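The values are calculated or read from the model by the stated rules, or taken from the named source; none is laboratory data. The shown structure was predicted, so the numbers you read here are calculated from the model rather than taken from an experiment. Virtual Cβ from ideal backbone geometry, glycine too; neighbours counted across all protein chains shown.
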Amino acid sequence: MREFIYYSNKARTSGNFSTTNLMEAGRMDIAIHVLINAFFLSHKVREKTKVHLIFNGPPNPPQHLELFPDGKITSGSITISKKDVANLIKKMLYKGKGEKRVIVEEGYEIEKKSVFNVINDLIDEGKKIYILDQKGEDIRKTKFEDNCVFIIGDNDGFPRKELKKLKTLGKPISVGKNVYFASQVVTIINHELDIQGI
């Protein structure tokens, strides 16, 4: 199993955003590209891949959306269409009921939970945490373990205080000196894990 946590400090935390202007929904377009690059291969949906979206924007932060299609496309679930992914996120956000964990449909759940609570739960499950950071160890020199979790920030990255705390919970790794889009980082990680047979 491989897992990604995408954290956005600005993404909307209610479903009342326009799918025709995703940038104004706290850069929801980035979250959508992350999901597409995490799950989709050519003509196939990845198995054993889970994405956690942590949205911290208005009006009801934080929201934790957990998506785990596990290779399946069913009616109403995730597809490669950006519009369909946006509508899936809207649906999940509309279904949120505070701290109660809600199963929107099989493989898609939402709850009100902070990024650190999500990470601590994953650590308790025995997951190995990796933080994407330019100053981290080169991803190509890192031998990954099964059940690894990768934490990626949005276009603004993590606030300094949060990043410092994150580095106490996981190992910083880097995809190189250039600054890539979050969705490109996901693709690089997936490729490296594929090479390592994780």
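Picking from Ile198, Ile103, Ile129, which residue would you name as being buried (at least 16 other Cβ atoms within 10 Å of the Cβ), over 21 Å from Ile30 (Cα atoms) and either over 17 Å from the mean Cα position of the chain (by Cα) or hydroxyl-bearing (Ser, Thr, Tyr) (or both)?
Being buried (at least 16 other Cβ atoms within 10 Å of the Cβ), over 21 Å from Ile30 (Cα atoms) and either over 17 Å from the mean Cα position of the chain (by Cα) or hydroxyl-bearing (Ser, Thr, Tyr) (or both) holds for just one of Ile198, Ile103, Ile129, which is Ile198.
Matching residues to (1) touching a residue at least 24 places away in the same chain (Cβ under 8 Å); (2) surrounded by 12 or more Cβ atoms within 10 Å (Cβ to Cβ); (3) in a helix (DSSP H, G or I):
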| site | (1), (2), (3) |
| --- | --- |
| Phe116 | yes, yes, yes |
| Phe150 | yes, yes, no |
| Phe158 | yes, yes, no |
| Lys161 | no, no, yes |
| Ile173 | yes, yes, no |
| Asp194 | no, yes, yes |
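Go through (1) under 30 Å from Thr19 (Cα atoms); (2) in contact with a strand residue (DSSP E or B) (Cβ under 8 Å, 6 or more places away or on another chain); (3) surrounded by 20 or more Cβ atoms within 10 Å (Cβ to Cβ) one by one and return the number of the condition Val85 breaks.
That leaves (2) as the condition not met.
Among the residues of the stretch 137-148, which ones are in a strand (DSSP E or B), acidic (Asp, Glu) and surrounded by 12 or more Cβ atoms within 10 Å (Cβ to Cβ)?
Selection gives Glu137 alone.
I want to confirm something. Restricting to the stretch 17-72 and keeping residues that are among the charged types (D, E, K, R) and in contact (Cβ under 8 Å) with a residue 60 or more places away in the chain, which single residue is nearest to His191 (Cα to Cα)?
The selected residue is Arg46.
Among the candidates Ile129, Ile139, Ile103, which residue alone is of a type in the set (A, V, I, L, M, F, W, C) and touching a Gly at 6+ places or on another chain (Cβ under 6 Å)?
Result of the check over Ile129, Ile139, Ile103: Ile129.
For the list (1) at pLDDT below 95; (2) more than 20 Å from Ser114 (Cβ to Cβ), I need the number of the one condition that Lys100 fails.
Every listed condition holds for Lys100 apart from (2).
Pull up the stretch 175-192, narrow it to residues that are outside any helix (DSSP H, G or I) and aliphatic (A, V, I, L, M), then point me to the one that is nearest to Cys148 (Cα to Cα).
The extreme case among them is Val175.
Please find, among Val149, Val175, Val186, the residue that is over 30 Å from Asn60 (Cα atoms), in contact with a helix residue (DSSP H, G or I) (Cβ under 7 Å, 6 or more places away or on another chain) and at pLDDT 95 or above.
Val175
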